[in-house]
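Participant: Please find one structure pasted underneath; my questions will follow.
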Amino acid sequence: MDSLLGISSTMLYSAFILYLIATFFFGATIKESKKQDNKNVSGKIGITITIIGFLAQIVYFITRWIASGHAPVSNLFEFMTFFGMGLVFAFIIIYFIYKLNILGLFALPIAIIVIAYASMFPTEIAPLVPSLQSHWLYIHVTTVSLGEAILSISFVAGLIYLIRQIDQTVRSKRTTWLEIVLLSLFIFIGFSVISTAFNLSGYSAEFEYSFNGQTTTTDYHLPPIAGPNEGELLTGDRMEPLFDAPGWMRGVDAARKFNTLIWSVLTGIVLYGLTRLILRKRVGAAIQPFLKKAKPDMLDEISSRSVAIGFPVFTLGGLIFASIWAQVAWDRFWGWDPKEVWALVTWFFYAAFLHLRLSRGWHGERSAWLAVGGFAIIMFNLIAVNLILAGLHSYA
Amino acid sequence: MDKIKCECGHVNPEGTVLCEACGKPVEKNQHIDGNDKRKLLNMRYDGSARRSQTYNKSIIDKTWNFFSSVKVGVWLIVLALIASGLGTIFPQEQYIPAEAASRDPSIYYEAQYGILGQIYYQLGFHNLYSSWWYLLLIALIGISLVICSIDRFVPLYKALKRQRPRRHTQFLKRQRLFSETDHVTDDEKAKLISALKRKRYKVYEENGHILAEKGRFSRWGPYVNHIGLILVLIAALLRMTPFMYMDEYVWVREGEQTVIPGTDGEYHIKNEKFILETYDEDDKRFEEAIAQEGMVEKNFQTNAVIYKETGEKIAGAEPELKKVKEEKIKMNHPLKFDGYTIYQSGYQQNEFNSMTFKIHKKNDPDEASLGSFKINLSNPKDTYKLNNGFSVTVSQYYPDYEMEEGEPRSKTNYPRNPAFVFSVNPPGNEESEMSFVGIGKNVDATGENDYKLGIENFEMRYASGLSVKRDYTIPLFIIGAAIFMIGVIQGMYWQHRRIWLHPENEGMMVAGHTNKNWFGLTKDIEHIIEDTNVKMVKDQQEIE
Ligand code: HEM
C-alpha cells in the first residue's frame, strides 16, 4: 500500500519535472530560423516530453486510485492536480490541431503552477463521506474539470494574443490590466514559494479561538500577519499577529486561509517587483518581442475554438452530470449551493462570450479579454468558493 | 408587401439584404447588416430578411425587435450572471448552519455579518433565487430566446434552401476567402470537383457553376439547443405546482412505523433497523486523515419496509396493510416505489430506547444489586415485578423531563430525557418508598428511604430522517437537457462550410465561407487545389 502511494507521488513529481523540461523546448522554438521551423525539431521534442509527462501523471492517478480505493478527485489537492492534468491533455489536443509551439510555452507553465499550487494542500488520502460515494461524483468531477481545462486553453491563447497585440510603446489602461493579469500568475507562484519555504523550516504556531461558540485551535504554518479573530497564541516563542482577521470571516480556518492569502499576495508582489527590476520594463513588454512569429488570427481562432470545444463538455459535466449526482445523493438536482451557482455563472459567462462573438462580432482583442475573464471565474470557482464560501462541496 | 425582384429572376421577400438565390446585394438594404461600411459581406444569416430588421411600426414590432436583439439577450444573461453571483456572498436562508445561535434570518444575518448582512437580508438576497425579480429575469431570457430564434431560423432556413450554385460576382468577391485565377483547364476543374467529393462535400452544379457544401445541419444547432433550454425552463415552471412536484420529510424511529406524508395516507413506512458505520481508525490508508479530522462516517442506512393500505377505509378501524417493498435505503441509493422516491437524508441519535434500573440498599457503599428491571421507554408498564420479591410501580413518567416554574413536566412525548417517579415495594410488607430518578438525578423526597434505584444500563435509538419526493418534471428536464446537448454539439463540433467555384471567361473565382473554424476551411481548400494552378484563396480579413 505504502509503496503504491510512493510510486504515485514519484510519478506526479516526474510529470512535474517533465512539463518543466518540455517548456524549455517549446521556448527554444522561438529562436528557430525559418528553415529549422519547417522541421520543428524542438517542438517535436517538446510535445513528446509533454506526452511522456502526461502518461506519468496518468500513472500517478491510477496508482493513487488503487491505493485509496476511490478516484482521486475528492479533495482540493487531488482535484487541482487533476485539473492540471486536464490542462495538459487539452493542450495536447489543441497542439495536434494547430501545431502552435508558442502555446506550449504558456500552457505548460500554467499547468505547472496549478500542480505546484495543489501540492501545498493536505495530500493524505481521506475517506469518503457517504454523499461522495457515487460513480456520478467521479463522472461529474472529471468531466467538469476537463471542460474547464479546455476552456482555460482559450485563456492561454487569449493571453498570448494580448501580450503580442497590445501596444507597449506607451503605458495605457490595457497595458496596466495586462500587468495585473500577469501579476496574478506571480501570486500563485508566490503561494507555492512561500509555503515551501516555511514548510522546509518547519514553522508552526498554534492558536486558540472561538468558533460558533466552541473553542477550537488552528495551526499556522506561516507566521501570523492576520491572527484569528480574538484568538490566543498558544505556541511560545512565535511572533504575535500584526492584526486580527475581521470577525465576519467565517469557516473553520478562515483566518488562517486569509493569512495565507496575504502572504501569497506579498510574495507574488515581491517576485513581480524583482522581475520588473531585472527587466527594467513591463513584463508584457519584455515578452512581446518573442511572440512575433505567432499569427494573431491563429491565436484568435484557437481561443474561440477552445471555447467551442470546451463549452459542451463543461455543460455536460458542470451542469448535467452535477445535477444527476445531486439528484441521487441529495434528492435535489439543483440546490443553489455556492459551488453550483458558480458553475452556473461560468456557464452564463461563456454563453455571453459565444453570443458576443457570433452575433456582435467581438473578435480579436475583445474576445481575448473575455477569455481572461472566463479563466478568472473558473479559478474563482476552483479556489475561492472552496476556501471562502462554505458549501456542500467545500473540501479543504 | 414589397417583394424584391433580383436581376437573376428570383423574387425576394421585403427586407432581404442579399438575394436568396444568387447573393447579389440588394442596394437599398445594405445598411441593415452593415455591409455599406465594410468590404466583406455580413454572412451571419446569409443576408436573409428578418422580421426584426424589417418592421418597426406597431407596438408588436417594437416588442419583437426588443426581444430579438442579441444585445438585449446578452444583457439579460449578464444580469442573471451578476445576480446569481450576488446570492453567494452570504449563505442563502436554507444554508444557515444548524448550529447558528439563531436561525431566524432577521437576526442571523445582522448578528453574523453586521451591517452588510442586514442590508443583504433587507434586500431579500437571502432568498434571491426564488425572488420575483430573479424569476422574471430568467423568464425574460426565455422569451428572448424564443423570439430571437424564430426571428432568425425561418428566414435563414429559406435562404439556405433557395440558394443556387451560381452566385453573383459581387457576392463572391466580398467573401472572406477569395481568389481569382486567370486560366483553369477543364481537367483541373474536374480534379477540383472530385477532390471536393472526396472531402465529403455535397456538390451542386448549375451551368458550370459549382457550390460545394458540407454540414448545413450544424447551422440549426443553436435553434435546437434553444429549444432544449425552453423545455428546461418549462419544466422548472411546472415544478412550482404541487401536483407535479411534492417534497416532504419524515423522521422514523427504529422499530417504528408511520404514514408517509404526501401520499394521502396511502403508504406506510417501517424502520426495521438503522445502521451507522464509521471508517475504521486502524485502516492504514486513512490513518493520517482520521487522526487529523476525527471520525468519518462511512455509511448510514435504513432497512425499510413500505406498506400500502388496501381495502376500504373505515374510520377508526385499523387499515389493512400490504407489503410493497423491502429495501435498504442509503445515501446515493434511494428507494423508489409507485412514483415516489425516498432518500436517506439524515439521522438523529438523541432518544432512549430502554433503560435498566437496579435496586440497592441506600447505605451499601458497594451498591450491590438486589434486582434489576428494564423499561421500554416508548411503552412502560405500570408495575415491574422482580424475582426477589420486590415490585416497582411507575407513578409518574416524564419522557422529556424539564422543570417549568417549579413544576416537573415533559417537553415532548419523545424519550430524550426520561425521568420517573417510582414507588418501590420491598418484599414482605415493608412500607413502599417513593423516589425520583432521571439522568443525573436521584432524589429521595422524604429522606427516609432504605432503598435506592440506579441506572444500570441504557440503549439509545436512532431516528432516521427520510425525504419523500414525487417529481413528475424530471423526464422533461432530462429531455430538455438532452436536446440542449445535442444542439450545442451539433453547432459546435460541426461547421457549415461552403465553397463556390465560379467560371469567369477562361479562369475561375474561388470563394469560401464557414460559420466557424476558418482554419479548417482553409485547410480544405488547400487540399482541394493541390496539383492544380488554381490560386490559393486569400484571407481578406487578417488581424494585424
Ligand atoms: C443562457 C441562455 C443561452 C444559452 C446557453 C445559449 C446558447 C447558445 C449557443 C451555444 C449558441 C451557439 C453559439 C455558437 O455557435 O457559437 C447560441 C446561438 C445563438 N443564440 Fe443563444 N443561448 C442563450 C440565450 C440566448 C438569448 C437570450 C438569445 C436572444 C437574444 C439568444 C440568441 C442566440 C442567437 C441569435 C444565436 C446565433 C444563431 C446563429 O447565428 O446561427 N440566445 N446560443
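Each value in this text was obtained by applying a stated rule to the coordinates, not by laboratory testing. Keep in mind that this is a model prediction, so the values were computed, not measured. Glycine also receives a Cβ, built like all others from the backbone with ideal geometry; neighbour counts cover every protein chain displayed.
Participant: Please give the contour-minus-distance gain from residue B:280 to residue B:533: 0.36 nm per residue of separation, less the Cα-Cα distance, rounded to one decimal in nm. It would help to have the intermediate numbers written out before the result.
Facilitator: Numbers: separation 253, 0.36 × 253 = 91.08 nm, distance 7.62 nm.
So the chain would gain 83.5 nm between residue B:280 and residue B:533.
Participant: Further question: Can you compute the label reach from residue B:382? Point 7 Å from Cα along the Cβ direction, backbone N cut-off under 17 Å, restricted to region B:420-444.
Facilitator: Backbone N within reach: B:421-425.
Participant: Could you derive backbone 3J(HN,Hα) for region A:149-158 from the dihedral phi with the Karplus parameters 6.51, -1.76 and 1.60 (θ = phi - 60°), listing whole Hz in sequence and x where the residue is Gly or Pro?
Facilitator: Using θ = phi - 60°, the values come out as 5, 5, 4, 5, 4, 5, 5, 4, 5, x Hz.
Participant: Can you list which of the trypsin sites (Lys or Arg not before Pro) found in region B:47-118 are DSSP loop residues with at most 13 other C-beta atoms within 10 Å?
Facilitator: Numbers: sites: B:50, B:51, B:57, B:62, B:71, B:103; in loops: B:50, B:57, B:103.
The qualifying sites are B:57, B:103.
Participant: What's the average, rounded to a whole number, of partner chain beta-carbon atoms within 10 Å of each residue's beta-carbon in A:306-317? Don't skip to the answer; put the middle values down first.
Facilitator: Values: counts 0, 1, 7, 2, 1, 4, 11, 3, 0, 6, 5, 0.
Mean shielding by partner chains, rounded to a whole number: 3.
Participant: Evaluate E = 1/(1 + (r/R0)^6) for residue B:367 and residue B:409, where r is the Cβ-Cβ distance and R0 equals 35 Å; express this FRET efficiency to the nearest 0.05. Display every interim value, and only then the final one.
Facilitator: On the way: r = 30 Å, r/R0 = 0.86.
Result of the calculation: an efficiency of 0.70.
Participant: Moving on. Report the extension gain between residue B:78 and residue B:439 in nm, rounded to one decimal, defined as 0.36 nm multiplied by the number of residues separating them, less their alpha carbon distance.
Facilitator: On the way: separation 361, 0.36 × 361 = 129.96 nm, distance 5.93 nm.
Additional length available on full extension: 124.0 nm.
Participant: Same structure again: Near the amide H of residue A:206, under 5 Å away, which other amide H atoms are found, from residues 5 or more places off or on another chain, if H is placed in the peptide plane?
Facilitator: Distant-sequence amide H within range of residue A:206: A:220, A:234, A:235.
Participant: Please check: in the Gaussian network model of chain A (C-alpha springs, under 10 Å), which one of A:185, A:242, A:108 has the largest mean-square fluctuation.
Facilitator: Looking only at A:185, A:242, A:108, the biggest GNM fluctuation is shown by A:242.
Participant: Further question on the same structure: Can you figure out the FRET efficiency of residue B:523 with residue B:183, using R₀ = 41 Å and their beta-carbon distance, to the nearest 0.05?
Facilitator: Values: r = 25 Å, r/R0 = 0.61.
Calculated transfer efficiency: 0.95.
Participant: Further question: Per residue of A:290-299, what is the mean number of Cβ atoms on other protein chains within 10 angstrom of that residue's Cβ? Show your work: numbers first, answer last.
Facilitator: Working: counts 0, 0, 0, 0, 0, 3, 3, 7, 3, 1.
The per-residue average across the peptide is 2.
Participant: Further, regarding this structure: Using θ = phi - 60° and the Karplus form 6.51 cos²θ - 1.76 cosθ + 1.60, what ³J(HN,Hα) does each residue of region B:60-68 get, whole Hz, x for Gly and Pro?
Facilitator: Those phi angles translate into 5, 3, 5, 4, 4, 5, 4, 6, 8 Hz.
Participant: Could you work out how far the C-alpha centroid of region A:24-96 sits from that of region B:173-242, in angstrom?
Facilitator: 35 Å
Participant: Short version: ³J(HN,Hα) in whole Hz for each residue of region A:307-319, in order, from phi by Karplus 6.51 cos²θ - 1.76 cosθ + 1.60 (θ = phi - 60°), x for Gly and Pro, what are they?
Facilitator: 5, 4, 7, x, 4, x, 5, 5, 4, 4, x, x, 10
Participant: Moving on. Mean separation of Cα pairs under 8 Å and 6+ residues apart, divided by the residue count of region A:66-166: what relative contact order is that in percent? Could you put the intermediate results ahead of the total?
Facilitator: On the way: 76 pairs, mean separation 43.5, N = 101.
Here the relative contact order equals 43 percent.
Participant: Another question, then. Largest first and in whole Å, give the semi-axes of the protein assembly as shown's equivalent ellipsoid, each being the square root of 5 times a Cα gyration tensor eigenvalue.
Facilitator: Values: eigenvalues 888, 262, 121 Å².
With the √(5λ) rule applied to the protein assembly as shown, the semi-axes are 67, 36, 25 Å.
Participant: At 0.36 nm per residue, minus the direct Cα-Cα distance, what do residue B:297 and residue B:157 gain on full extension? Give it in nm, one decimal, please. Could the numbers behind the result be given before it?
Facilitator: Working: separation 140, 0.36 × 140 = 50.40 nm, distance 5.75 nm.
Extending this stretch completely gives an extra 44.6 nm.
Participant: Now, a different point. Points 7 angstrom from Cα along the Cβ direction at residue B:202 and residue B:103: gap in nanometres?
Facilitator: Placing both labels 7 Å along Cα→Cβ, they lie 6.1 nm apart.
Participant: Spin-label point model (7 Å from Cα, Cβ direction): what's the residue B:3 to residue B:248 distance in nm?
Facilitator: The two pseudo-label positions are separated by 6.5 nm.
Participant: Just tell me how shielded B:87-95 is by partners: mean number of partner chain Cβ atoms within 10 Å of each residue's Cβ, no decimals.
Facilitator: On the way: counts 4, 12, 3, 3, 7, 5, 0, 3, 8.
Averaged over the peptide's residues, the number is 5.
Participant: Give the peptides A:111-123, A:278-290 in descending order of average Cβ contacts within 10 Å, highest first. Could you put the intermediate results ahead of the total?
Facilitator: Numbers: A:111-123: 21.2, A:278-290: 14.8.
Taking the mean over residues of other Cβ atoms within 10 Å, the ranking is A:111-123, A:278-290.
Participant: If I take every Cα pair under 8 Å that is 6 or more residues apart in region A:12-87, average their sequence separation and divide by the length, what percent do I get for the relative contact order?
Facilitator: Values: 53 pairs, mean separation 24.6, N = 76.
After rounding, I find 32 percent.
Participant: Which cysteines does chain B leave without a neighbouring Cys Cβ under 4.7 Å?
Facilitator: Cysteines lacking a close Cβ partner in chain B: B:148.
Participant: Scan around residue B:449 for amide H atoms under 5 Å from its own, H built in the peptide plane at 1.01 Å from N, and keep only partners 5 or more places away or cross-chain.
Facilitator: Those qualifying (amide H under 5 Å, at least 5 residues apart or on another chain) number zero.
Participant: Rounded to the nearest Å, what's the spacing between the alpha carbon centres of region B:401-431 and region B:438-506? Just the number, please.
Facilitator: Here the answer is 42 Å between Cα centres.
Participant: Then there's this: Could you pull out the pairs from B:273/B:328; B:191/B:516; A:292/B:39; B:71/B:173 whose alpha carbons sit more than 20 Å apart here? Write out the running numbers ahead of the final one.
Facilitator: Details: B:273/B:328 9 Å; B:191/B:516 26 Å; A:292/B:39 27 Å; B:71/B:173 30 Å.
Pairs exceeding the cut-off: B:191/B:516; A:292/B:39; B:71/B:173.
Participant: A follow-up question, please. Compute the Cα gyration tensor for region A:127-282, then decide on rounded, prolate or oblate, letting a ≥ b ≥ c be the square roots of its eigenvalues: rounded whenever a/c is under 1.5, prolate when a/b is larger than b/c in the other cases, and oblate in all that remain.
Facilitator: Details: a/c = 2.53, a/b = 1.32, b/c = 1.92.
Oblate.
Participant: Also: Based solely on its DSSP helices, what 222 nm [θ] is calculated for the protein assembly as shown when runs of n ≥ 4 H residues each add -39,500 (n - 2.57) and the sum is averaged over all residues, nearest 500 deg cm²/dmol? Don't skip to the end; give the middle numbers.
Facilitator: On the way: 24 runs with 412 residues, N = 940.
Helix-only estimate at 222 nm: -14500 deg cm²/dmol.
Participant: So, counting K/R as plus one and D/E as minus one, what does the shell of residues with Cβ under 15 Å around residue B:272 add up to? Don't jump to the answer; show the numbers that get you there.
Facilitator: Values: positive: B:253, B:270, B:273, B:323, B:325, B:328, B:330, B:461; negative: B:254, B:256, B:326, B:327.
Value of the local net charge: +4.
Participant: Taking the dipole about the Cα centre of the protein assembly as shown, with the C-beta of Lys and Arg at +1 and of Asp and Glu at -1, give me whichever of B:30, B:466, B:215 is farthest to the positive side.
Facilitator: Towards the positive end, the residue furthest out is B:30.
Participant: Give the residue list of trypsin sites (Lys or Arg not before Pro) in region A:107-190 that are DSSP loop and have at most 10 other beta-carbon atoms within 10 angstrom. Each step should come with its number before you reach the end.
Facilitator: On the way: sites: A:164, A:171, A:173, A:174; in loops: A:171.
Hits after loop and neighbour filter: nothing returned.
Participant: Calculated FRET efficiency, residue B:61 and residue A:93, Cβ-Cβ r, R0 51 Å, to nearest 0.05? Walk me through the numbers before you get to the answer.
Facilitator: On the way: r = 47 Å, r/R0 = 0.91.
Once rounded, the FRET efficiency stands at 0.65.
Participant: When only C-alpha pairs under 8 Å and at least 6 residues apart count, what is the relative contact order of region A:263-396, in percent? Can you show the working numbers first?
Facilitator: Working: 64 pairs, mean separation 29.4, N = 134.
Here the relative contact order equals 22 percent.
Participant: Which links in A:293/B:189; A:339/B:298; B:3/B:538; A:281/B:37; A:257/B:330 stretch past 28 Å when you go from one Cα to the other?
Facilitator: On the way: A:293/B:189 36 Å; A:339/B:298 24 Å; B:3/B:538 35 Å; A:281/B:37 40 Å; A:257/B:330 35 Å.
In this structure, A:293/B:189; B:3/B:538; A:281/B:37; A:257/B:330 exceed 28 Å between Cα atoms.
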